[in-house]
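Read-outs throughout are calculated quantities, based only on the coordinates presented, and are distinct from any laboratory measurement. Keep in mind the model is a prediction, meaning the values are calculated, not measured. Because the Cβ atoms are built from the backbone with ideal geometry, glycine has one as well, and the counts that use them run over all protein chains shown.
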Amino acid sequence: MKEFVLIFRLNDTENVKPSPEQMQERMNWLAGIAAQNKLADQGNTLSVTNGRTVKPGNIVTDGPYTEIKEFISGYIVVKTDTIEEAVEIAKANPIFKLGGNIEVREVVKRS
């Protein structure tokens with residue numbers, strides 16, 4: 001099996017603190033992936049206020065990052081045979097109800 005990272009993106013910081021119902025829906029989604037033995041890493045939620053960007057020339061700027069229209073709110077890693085299967089897992093995530101999206105990318109293992 002291959003590993004794919006699901007990168008969660010939101011359009012605004014208002015939806016960073018999910019309601020208890022939204023949190024339960026997300027936990028149920030994760031539990032379903034784990035029950036299929038396809039959850040490689042449950043990932044983490046990423047801070048939207050405490051961050052820095054390091055740019056060429058050792059220039060450091062504060063976050064959140066106004067130069068992008070959406071921000072990364074978190075990630076998980078799933079194990080599937082194909083990217084299409086990872087995309088199907090992503091489609092069931094409740095982030096879409098908040099106007100968010102999910103980027104699915106294969107994890108390339110170093111040899």
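Relative to the longest principal axis of the Cα atoms of the chain, helix 20-35 runs at roughly 50 degrees. Pairs of Lys residues in the stretch 1-110 are counted when their Cα atoms are under 12 angstrom apart and they lie 8 or more places apart or on different chains; the count is 4. Computed over the alpha-carbon atoms, the stretch 1-60 gives an Rg to Rh ratio of 1.08, Rh here being the Kirkwood radius from the mean inverse distance. All other residues whose Cβ lies under 9 angstrom from that of LYS38 are scored, Lys and Arg at +1 and Asp and Glu at -1, for a net of 0.
In this structure, GLU84 and MET27 have a Cβ-Cβ separation that, at R0 = 25 Å, corresponds to a calculated FRET efficiency of about 0.50. A cut-off of 5 Å between modelled amide H atoms, ignoring neighbours fewer than 5 places along the same chain, links GLY74 with PHE8, LEU46.
Its relative contact order, with pairs defined as Cα atoms under 8 Å and 6+ residues apart, puts the chain at 49 percent. Amide hydrogen proximity for GLY43: with H placed 1.01 Å from N in the peptide plane, the residues at 5 or more positions away or on another chain lying under 5 Å are VAL77. By the helix-only formula, in which each DSSP H run with n ≥ 4 contributes -39500 (n - 2.57) and the sum is divided by residues, the chain has a 222 nm mean residue ellipticity of -7000 deg cm²/dmol.
Its residue count N fixes a reference of 2.2 N^0.38 Å for the chain, and the Cα radius of gyration divided by that reference is 1.16. Amide hydrogen proximity for VAL107: with H placed 1.01 Å from N in the peptide plane, the residues at 5 or more positions away or on another chain lying under 5 Å are GLU3, PHE4, VAL5.
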